[in-house]
1. Using the structure shown, decide if L73 is part of a helix (DSSP H, G or I) and open to solvent by 70 Å² or more (accessible area, probe 1.4 Å).
2. If a residue has to be part of a helix (DSSP H, G or I) and at pLDDT below 90 to count, how many in region 141-159 make the cut?
3. Return the residue satisfying two criteria in turn: it lies in region 141-164 and is open to solvent by less than 80 Å² (accessible area, probe 1.4 Å) and touching a residue at least 24 places away in the same chain (Cβ under 8 Å), and of such residues it is nearest to A220 (Cα to Cα).
4. Limited to region 176-187, what total is found for residues that are open to solvent by 40 Å² or more (accessible area, probe 1.4 Å), touching a helix residue (DSSP H, G or I) at 6+ places or on another chain (Cβ under 8 Å) and at pLDDT 85 or above?
5. Consider Q104 against the criteria (1) loosely packed, with under 10 Cβ neighbours inside 10 Å; (2) touching an Asp or Glu at 6+ places or on another chain (Cβ under 8 Å): it satisfies all of them except one. Which criterion is unmet?
6. Determine which member of the set S48, S66, S40, S83 is touching a Leu at 6+ places or on another chain (Cβ under 8 Å), of a type in the set (G, A, S) and modelled with pLDDT of 50 or more.
7. Here are V62, V123: which of them is in a helix (DSSP H, G or I), out of contact with any Cys (no Cβ under 9 Å at 6 or more places or on another chain) and hydrophobic (A, V, I, L, M, F, W, C)?
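The values are calculated or read from the model by the stated rules, or taken from the named source; none is laboratory data. Treat the numbers as computed from the prediction; the structure is a model and nothing was measured. When we count neighbours, we look across all protein chains shown, and the Cβ atoms used for this are built from the backbone with ideal geometry, even at glycine. Each accessible area value is taken on the protein alone, full model and side chains, heavy atoms only, with ligands, DNA and RNA left out. Shrake-Rupley method; radii C 1.70, N 1.55, O 1.52, S 1.80 Å.
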Amino acid sequence: MDPMTQSAQISSSQGFADGQNSAAKESKLSDSFLSSSPVSLIQSPQVSDLVHWRDPKKSGVVFGLSMLLLLSLAAFSIISVVSYLLLALLCVTITFRIYKSVVQAVQKSTEGHPFKSLIDKDVSIPPETFRKHVDASLTYINRGLKQMSRLFLVEDLVDSLKLAVVMWLLTYVGAVFNGITILILADILLFAVPPVYEKNKTQIDQYIDLARTQVNTTIAKLQEKLPGAVKRSKTE
């Protein structure tokens with residue numbers, strides 16, 4: 001065989017192998033990002049059981065506490081809310097500690113500190129867990145920076161225009177609601193929408209499909225009229 005031909009075949013096979021390895025690495029990175037994303041957290045069995053009210057008592061407690069916290073933040077500053085929460089916790093623990101001490105003194109028992117089992121418990125964060133969360137945060141940061149660079153430097157005209165429309169709509173939302181109000185509404189929807197959707201899944205899916213089709217049709221018409229659509233179709 002010709003040495004030049006053999007060298008070309010070897011370099012071609014190496015390039016193909018490098019492409020496969022690169023694709024595999026990108027696939028693994030995407031899988032790791034999806035597995036650690038907030039969407040996977042919302043779809044976890046524990047959170048799903050809470051928002052679908054599988055256990056009404058547990059869901060009611062979580063919903064009530066979250067609403068109480070958000071309403072407190074709406075009425076007071078975050079410093080006051082945190083201080084009151086820590087003060088309430090201290091009052092409970094100090095009162096219980098004094099109560100147990102008096103009971104032990106009256107009964108002349110030697111039970112010791114009531115929170116001894118909790119004091120002896122290791123509450124330190126393992127290095128592996130810390131590194132895992134740091135790596136996950138770094139993935140979010142890098143992905144966010146890449147998306148911001150792509151959108152604000154107008155790599156794709158259509159996507160940048162979509163962001164501009166969303167930002168323009170958010171200016172009106174911000175004029176009507178503040179951040180805490182939006183969080184309160186989101187908390188209510190989080191615990192109200194899943195049960196309703198579960199009971200009326202078929203009808204809701206039909207309306208969602210109709211809306212998605214209409215939106216996709218409108219976006220396709222806009223892309224045909226924008227100069228960036230020609231470049232995108234050629235690259236695809």
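1. Values: part of a helix (DSSP H, G or I): yes; open to solvent by 70 Å² or more (accessible area, probe 1.4 Å): no.
Criteria not met by L73.
2. As a first pass, look at region 141-159 and keep what is part of a helix (DSSP H, G or I): 141-152, 157-159.
Those left that are additionally at pLDDT below 90: 157-159.
Summing the residues that are part of a helix (DSSP H, G or I) and at pLDDT below 90 in region 141-159 gives 3.
3. Among those residues, the one meeting the criterion is V158.
4. Of the residues in region 176-187, 4 are open to solvent by 40 Å² or more (accessible area, probe 1.4 Å), touching a helix residue (DSSP H, G or I) at 6+ places or on another chain (Cβ under 8 Å) and at pLDDT 85 or above.
5. Looking at each condition in turn, Q104 falls short on (1).
6. Values: S48 fails: touching a Leu at 6+ places or on another chain (Cβ under 8 Å); S66 fails: touching a Leu at 6+ places or on another chain (Cβ under 8 Å); S83 fails: touching a Leu at 6+ places or on another chain (Cβ under 8 Å).
Answer to the selection: S40.
7. Details: V123 fails: in a helix (DSSP H, G or I).
Just a single option satisfies the conditions, and that option is V62.
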